[in-house]
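These notes are about the structure you will find just below.
The values are calculated or read from the model by the stated rules, or taken from the named source; none is laboratory data. As the structure is a computational prediction, the values presented were derived from the model and not from experiment. Here the Cβ positions follow ideal geometry from the backbone for every residue, glycine too, while neighbour counts run over all protein chains shown.
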Amino acid sequence: MTPPERRHRAAELLATLSDLPQRHPDRARVRAEVIEAWLPLAHHLANRFAGRGETREDLDQVATVGLIKAVNRYDPGRGVPFSAFAIPTIAGEIKRHFRDRCWDVRVPRRLQELRAATSDASATLTHRLGRSPTVAELAAHLDRGEEEILEALEASQAYHAVSLSAPAGEGGAELGDLLGTEDEELAAAELRVALGPALADLDPREQRILTLRFYGNLTQSQIADRVGISQMHVSRLLARALTTLRGQLGDAL
């Protein structure tokens, strides 16, 4: 069937559908045939939006939803050709899909619409000027402030998020490797600052015992051999030194 024949057949099916009562047993079948007959129009419109980050299959599906809505809402009694009614309906459905479904990070609708206008203006001015337009030129073309254009350009970065597994330079590093994590040692920084003066208040033997125990990782028995006292004495001195430190450090612990 040639394209003119297909268009004629699609128009005939649409006329047949409009003549059928809502509860007619053939209405569902004819409606399905109407949608199938007008699918080339939906696919053609979907193709206009290709290359914007969505797969062709997804665009065809969204365009088909728009076509179904157009078929359901079309009133031939208004005297408007179906194609003239369907085209803005399908295109509007696709645009809503991009506006509401395709942003990885949600931004206000105002910025979504300004971002789209800025993108179209950039393409127009690039063709006219033979180069990429400046922010000032975009602002003048859209009758907007330069700060608004900059805000829209920044918002466009939220359209697609970058995976944390994306490469981040040489050596096999990933983007996620560059993100900072909570530094557990940071919480102890204040304690370390207060610990120095508190240790200085202990007598030299207590300081040595604490050093051997917590920095040298020696047992009380090994400390006793080093210091030349009994293990029980080491235990008492260690307990006394810790009690003194807790009293001086207070809330820093």
For the subset of the stretch 214-248 comprising residues that are within 56 Å of the chain's Cα centre (by Cα) and of a type in the set (A, V, I, L, M, F, W, C), which member is surrounded by the most Cβ atoms within 10 Å (Cβ to Cβ)? Ala241
Tally, over the stretch 24-61, of residues that are among the hydrophobic types (A, V, I, L, M, F, W, C) and over 21 Å from Leu14 (Cα atoms): 4
Does any residue in the stretch 190-213 that is at pLDDT below 85 and surrounded by 11 or more Cβ atoms within 10 Å (Cβ to Cβ) come within less than 8 Å, Cβ to Cβ, of a residue that is outside any helix (DSSP H, G or I) and of a type outside the set (S, T, N, Q) six or more places away or on a different chain, and which pairs are these? Leu191/Leu253
Every residue from the stretch 106-148 that is surrounded by fewer than 17 Cβ atoms within 10 Å (Cβ to Cβ), of a type outside the set (Gly, Ala, Ser) and not in a helix (DSSP H, G or I): Arg106, Pro108, Arg131, Thr134, Asp143
